[in-house]
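Read the structure below first, then the notes.
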Amino acid sequence: MNTPNNTEFTAELHRFAEDLRRLRVDRGSPTLSKIVSRAAAVPGTSCLSVSALSEAFSGKRLQRVDTLMSLVHTLLSYDEDGKSRCVTRRAPEMEVWRKRWRDLDQLRSLCRRTVTRTVAEAPTHAVSPLALRVLADNLVHGYAVSLTPFEGPADSYDASAFSPDGRYLALGGSDGAVYLQDPVTGKAVTGPLAGHQGIVRGLAFSPDGRLLASAADDGTVWLWDVSFRRPVGGSLPDSEGVPDSVGFSPDGKLLAAGGYVGCVYLWDTATREMIRALNIGSSRLDALAFSPDGTLLAAAGSDGSVRLWSPATWEVTGDIAVGGCCDIAFSPDGKLLASAGADGSVRLWDPLAPGTAVRDMSSAPAEAVSAVAFSPDGRLLAGAVMDGTVHLWNPANGQPLSDPLDTPLGEVYAVAFSPDGGLIAAVGHNCTVQMWITPVLRAN
């Protein structure tokens with residue numbers, strides 16, 4: 001049997017894309033924007049973006065299975081005159097495309113194995129003082145230094161999180177597994193943590209680093225023992241809907257999760273019992289976060305509002321009208337709440353005085369900002385953007401540090417700072433993990 005190579009995979013991918021283009025023509029050649037809007041009306045499909053569709057039809061990249069099947073489902077659900085048709089997710093014509101995707105994904109995996117090479121150990125010598133001076137000069141002038149990307153085991157990643165001690169970078173895979181990688185070498189430190197049956201959308205380490213929580217499209221939330229790399233009792237009981245956001249309270253005693261049913265669920269991490277469900281008054285929860293001191297819990301709903309509760313009494317302390325929101329994050333001192341906008345806006349709010357925004361980040365991207373994260377010292381704010389870039393701002397004045405950071409991801413779904421603030425990691429629409437050395441923001 002001949003060993004497949006990248007040329008063969010590329011040829012098969014282009015044939016696949018050509019057949020997708022034929023299907024599009026058969027359905028009346030709808031524009032990419034029209035396909036996106038139609039997908040939103042087809043039950044059971046994932047959100048599509050123009051950039052992902054462009055890559056699928058051009059054969060630039062093999063889309064992950066949920067994106068591809070949502071595209072096919074949308075195309076099949078309308079005839080050439082634009083009239084809707086009833087096509088189930090398990091219809092025979094859907095299964096044909098699903099099998100073709102599996103075959104392509106298997107071919108890609110085989111190609112990746114064949115290109116693996118044993119790299120001779122580099123000769124050990126002192127790092128050049130001149131090289132260190134150039135590196136330091138770039139960092140102190142606000143330029144993040146890009147590191148060589150590494151590839152993880154899954155097709156793509158929707159979530160990432162650094163462990164509190166910085167030893168692990170957890171990745172939430174599109175295959176339903178959670179991976180623990182060494183952020184320095186990019187290598188796996190253990191086998192995949194398997195339990196979910198859907199895309200892993202949310203990850204969070206407990207403050208002491210002993211537990212890792214994961215939430216996925218299959219509607220389950222799992223707790224993992226990080227030391228022994230095994231589940232703690234299986235999925236948590238009584239969750240409903242599709243959780244896609246998780247977070248621990250600062251003392252580690254509570255775990256919050258939420259998703260498509262518009263509720264925040266709270267579990268006692270010691271007993272695994274659900275102790276409360278908070279209604280956010282929205283059909284879907286998009287993000288949640290505890291304040292660093294534990295006095296507030298914030299949850300962003302699909303209706304464009306962020307609701308705030310006091311965990312001491314679980315009374316609502318306020319609502320912030322942030323507009324379309326994909327993610328939220330508290331600053332390390334708890335005085336600011338950042339919101340990531342579906343319209344590309346990034347704003348800072350005072351969580352103790354809900355009202356108008358404290359500050360807008362300038363030079364906002366044109367596409368949706370899927371995630372935001374503060375550096376541990378609070379002096380930088382990072383935004384993951386659906387155009388495949390990461391933006392860095394100074395939250396004190398709202399100004400960008402530099403031009404957007406490019407990635408090979410196509411779309412960026414998550415961004416995170418290492419606990420010491422020295423590294424930035426981004427994951428998204430393929431198997432690549434992109435990392436940078438964090439720039440130094442000098443005091444004025």
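The values are calculated or read from the model by the stated rules, or taken from the named source; none is laboratory data. Since the structure is predicted, the reported quantities are computational estimates derived from the model, not experimental observations. FYI the Cβ positions are ideal-geometry reconstructions off the backbone, even for glycines, and counts take in every protein chain you see.
Tabulated data
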{"quantity": "The one condition in (1) farther than 18 Å from Leu169 by Cα; (2) buried (at least 24 other Cβ atoms within 10 Å of the Cβ); (3) at pLDDT 95 or above that Met386 fails to fulfil", "calculated": "(3)"}
{"quantity": "Strands (runs of 3 or more DSSP E) contained entirely in the stretch 335-444, each with at least 3 residues that are within 16 Å of the chain's Cα centre (by Cα)", "calculated": "337-341, 369-374, 381-385, 389-394, 412-417, 423-428, 432-437"}
{"quantity": "Subset tally (residues that are over 15 Å from Ala426 (Cα atoms) and charged (D, E, K, R)) for the stretch 365-411", "calculated": "4"}
{"quantity": "Inter-residue pairs, beta-carbon under 6 Å, first surrounded by fewer than 21 Cβ atoms within 10 Å (Cβ to Cβ) and in the stretch 220-239, second among the basic types (Lys, Arg), 6+ apart", "calculated": "Gly233/Arg272"}
{"quantity": "Leading residue by the ranking (nearest to the chain's Cα centre (by Cα)) among those in the stretch 224-275 that are in a loop (DSSP other than H, G, I, E, B) and among the basic types (Lys, Arg)", "calculated": "Arg229"}
{"quantity": "Among the candidates Gly324, Gly318, Gly294, residue that is at pLDDT below 90, of a type in the set (Gly, Ala, Ser) and in the same structural domain as Ala384 (by TED's automatic domain parsing)", "calculated": "Gly324"}
{"quantity": "Members of the stretch 319-330 found to be within 17 Å of Trp309 (Cα to Cα) and not in a strand (DSSP E or B), listed by number", "calculated": "Val322"}
{"quantity": "Residue in the stretch 160-174 that is part of a loop (DSSP other than H, G, I, E, B) and among the aliphatic types (A, V, I, L, M) present", "calculated": "no"}
{"quantity": "Residue in the stretch 281-290 that is among the aliphatic types (A, V, I, L, M), modelled with pLDDT under 90 and assigned to a strand (DSSP E or B) present", "calculated": "yes"}
{"quantity": "Selected residue (only one of Thr271, Thr295 is touching a residue at least 12 places away in the same chain (Cβ under 8 Å), surrounded by fewer than 18 Cβ atoms within 10 Å (Cβ to Cβ) and among the polar types (S, T, N, Q))", "calculated": "Thr295"}
{"quantity": "Criterion: more than 18 Å from Tyr265 (Cβ to Cβ), buried (at least 22 other Cβ atoms within 10 Å of the Cβ) and in the same structural domain as Ala257 (by TED's automatic domain parsing) - qualifying residue of Asp208, Asp158, Asp182, Asp165", "calculated": "Asp158"}
{"quantity": "Matching residues, the stretch 4-45, being surrounded by fewer than 16 Cβ atoms within 10 Å (Cβ to Cβ), assigned to a loop (DSSP other than H, G, I, E, B) and free of Cβ contacts under 8 Å to residues at least 40 places away in the same chain", "calculated": "Ser29, Thr31, Pro43"}
{"quantity": "Tally of residues being assigned to a helix (DSSP H, G or I), farther than 15 Å from Ser37 by Cβ and at pLDDT below 80 across the stretch 48-92", "calculated": "3"}
{"quantity": "Those residues of the stretch 324-334 which are within 17 Å of the chain's Cα centre (by Cα) and among the charged types (D, E, K, R), in sequence order", "calculated": "Asp327"}
{"quantity": "Of the criteria (1) loosely packed, with under 15 Cβ neighbours inside 10 Å; (2) more than 18 Å from Pro395 (Cα to Cα); (3) in contact (Cβ under 8 Å) with a residue 24 or more places away in the chain, which one Ala277 fails", "calculated": "(3)"}
{"quantity": "Count of the stretch 310-336 residues which are crowded, with 20+ Cβ neighbours inside 10 Å, within 26 Å of Leu405 (Cβ to Cβ) and free of Cβ contacts under 8 Å to residues at least 40 places away in the same chain", "calculated": "2"}
